[in-house]
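Here the structure comes first, spelled out in structure tokens, and everything after it is commentary.
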Amino acid sequence: MKVNGIFLKLGFIMMVLFLVILLPLGFIIDRIFLEVYSEQVHQNVNQHADKLKNTLENNFPVDSKAFDYLSSTTEGEILVFDEKGVILSNSVLEFQKGQQIQNDFLQILRKGKYFDRGYKNPETNEEFFFVGRPLIVEGKFSGGIFVFSSIDKIHQLMHSIRNWIIVSIIGSIMLALFYTLFVSRKISKPLILMERATREIAKGNLTTQIKIKSNDEIGSLGKAINKLSLELNNYRTNRSELLANISHELRTPISYLKGYAHLIKTHQYYDEKELESYSIIIENESDRLSKLIQDLFELSKMEEGKVKLYYQMVDIEELIDLTSRKVKVKAQKKDLEILIIKNDLPSIYSDGTRIHQVLLNLLENAINYTEKGRIVVKAEQKNEFILITVKDTGTGIPEEDLPFIFDRFHRVEKSRSREMGGTGLGLAVVYELVKLLHGTVTVTSKYGYGTEFCVSLPLSIEQ
Ligand SMILES: Nc1ncnc2c1ncn2[C@@H]1O[C@H](COP(=O)(O)OP(=O)(O)OP(=O)(O)O)[C@@H](O)[C@H]1O
Ligand SMILES: [Mg+2]
């Protein structure tokens, strides 16, 4: 465990917390006990003194037998003196009969006042609390009494209470220590595992996963790390696949370009017509290359969220007409009819250029992959959405290809698609664009019969 690890920090915090709570608490408990016991002793002594005062005043002067009886029935020790302060009788060992009490006490009592004081026996060091009462017989000051009560007992009691308080504080701190050790181990163990896992991920071991046992914040952090490593792993696999695909896709047109350029350079053609066909191939391959680069660039911009959309009111009917006009010649060449079904569609608040790009891709595909029959473009409003479907009677897409049809470079028949000039990026672009426009795109197809793409776009996009 690290020196500045979570254990020490937690332990220190717990310790400070416990000390901050327990020390004042111990002090308060100590004070309360002391107060309560002192108050009780004070009350007892005062009550005894009052009782004794009454008894003595009624039986004044007191003979030694009566005094002995009184002192045996009184808790604490008593001392009686006459009006001059001369001790008449006492049960307090260190005072002698005939001895004079301190003058200042006598003065107070003479005035008829009471007092209480602390007293420490100089020989035994025993501590006392004592109270003084004047004895007034027939209205005349006739002496007084002191009642002593040892407070050593309180001290002993307080001593044992303090011991208990200290033992409980030490016990609580020990408990806190064990608890801290337990809690910090519980907290730091998964954190240490996560630290190790993130280091492994940083090293490139992207299959690293953490075993998650808890459902709390630490558990969700673990889940997030697991997800991160999965995502990174997927990203790495996708990136390598993509790079392999890109280099493969680039290699083909480049080898065509190189090959035909070489034929032209070395005059390996019979006539002008053949030369022209070579140049057409070179031109087509260059177009394909630039389309590939353009699409890749667009896709990467879209994935990074760097594509800026220009929102405006878009007339969908007009947009469909415009797009189908663009592909009309291509369709006519293949003797394909384009049928447009639309009625009273509202304008939508979206990016017209991007919708046009989507439709163009879908229509071009429909024409490319249909040999005979027709293409139907249908647009309708459904609740807050406009649904545009592009349906053809073409080759169709095999069921096993459907889940991957929007993936980059996924083509059903590579060679056929290449013949059509396809790079396999069109549908990936469509998918990303529709996502950007807050819509969805779905495909249904029956191999050998035809395909239908359905794009759903919101009437308005809340930005
Ligand atoms: N309407 C369709 N009918 C049958 N197959 C289709 C249809 N549309 C797409 N496909 C299949 O899906 C594949 C991917 O289409 P996508 O548009 O992404 O690429 P492409 O047409 O090959 O190339 P390009 O990037 O030039 O569009 C195509 O190669 C084709 O096999
Ligand atoms: Mg295409």
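The values are calculated or read from the model by the stated rules, or taken from the named source; none is laboratory data. Nothing here was measured: the structure is a model prediction, and the numbers come from that model. Note that each Cβ is placed from the backbone with ideal geometry, even for glycine, and that neighbours are counted across all protein chains shown. Please note that ligands, DNA and RNA were not included when accessible areas were found on the heavy atoms of the full protein model with its side chains. Shrake-Rupley method; radii C 1.70, N 1.55, O 1.52, S 1.80 Å.
Is it true that GLU75 is open to solvent by 80 Å² or more (accessible area, probe 1.4 Å) and part of a helix (DSSP H, G or I)?
Against the criterion (open to solvent by 80 Å² or more (accessible area, probe 1.4 Å) and part of a helix (DSSP H, G or I)), GLU75 does not qualify.
Based on what the data block shows, is VAL167 of a type in the set (A, V, I, L, M, F, W, C) and either closer than 30 Å to ASN46 by Cβ or assigned by TED's automatic domain parsing to the domain that holds LEU52 (or both)? Working first, answer last.
Working: of a type in the set (A, V, I, L, M, F, W, C): yes; either closer than 30 Å to ASN46 by Cβ or assigned by TED's automatic domain parsing to the domain that holds LEU52 (or both): no.
It is false that VAL167 is of a type in the set (A, V, I, L, M, F, W, C) and either closer than 30 Å to ASN46 by Cβ or assigned by TED's automatic domain parsing to the domain that holds LEU52 (or both).
Across the stretch 425-453, which residue is surrounded by the fewest Cβ atoms within 10 Å (Cβ to Cβ) among those that are away from ligand 1 (no atom under 12 Å from the Cβ) and not hydroxyl-bearing (Ser, Thr, Tyr)?
LYS435
Residue under question is PHE81, and the condition is that it be of a type outside the set (A, V, I, L, M), within 60 Å of the chain's Cα centre (by Cα) and surrounded by 16 or more Cβ atoms within 10 Å (Cβ to Cβ); does it hold?
Working: of a type outside the set (A, V, I, L, M): yes; within 60 Å of the chain's Cα centre (by Cα): no; surrounded by 16 or more Cβ atoms within 10 Å (Cβ to Cβ): yes.
No; evaluated as a whole, the condition is false for this residue.
Only one residue in ILE367, ILE386 is buried (at least 17 other Cβ atoms within 10 Å of the Cβ), under 46 Å from the mean Cα position of the chain (by Cα) and either within 16 Å of ligand 2 (Cβ to nearest atom) or under 22 Å from ILE461 (Cβ atoms) (or both). Which one?
Exactly one residue qualifies, and that residue is ILE386.
Could you please let me know if SER255 is of a type outside the set (Lys, Arg), assigned to a helix (DSSP H, G or I), within 16 Å of ligand 2 (Cβ to nearest atom) and loosely packed, with under 12 Cβ neighbours inside 10 Å?
No.
Of all residues being of a type in the set (A, V, I, L, M) and out of contact with any strand residue (DSSP E or B) (no Cβ under 6 Å at 6 or more places or on another chain) in the stretch 87-109, which is least open to solvent (accessible area, probe 1.4 Å)? Just the residue, please.
The extreme case among them is LEU106.
Taking the conditions exactly as written (touching a Lys or Arg at 6+ places or on another chain (Cβ under 6 Å) and within 13 Å of ligand 1 (Cβ to nearest atom)), does ILE367 satisfy them or not?
The answer is yes for ILE367.
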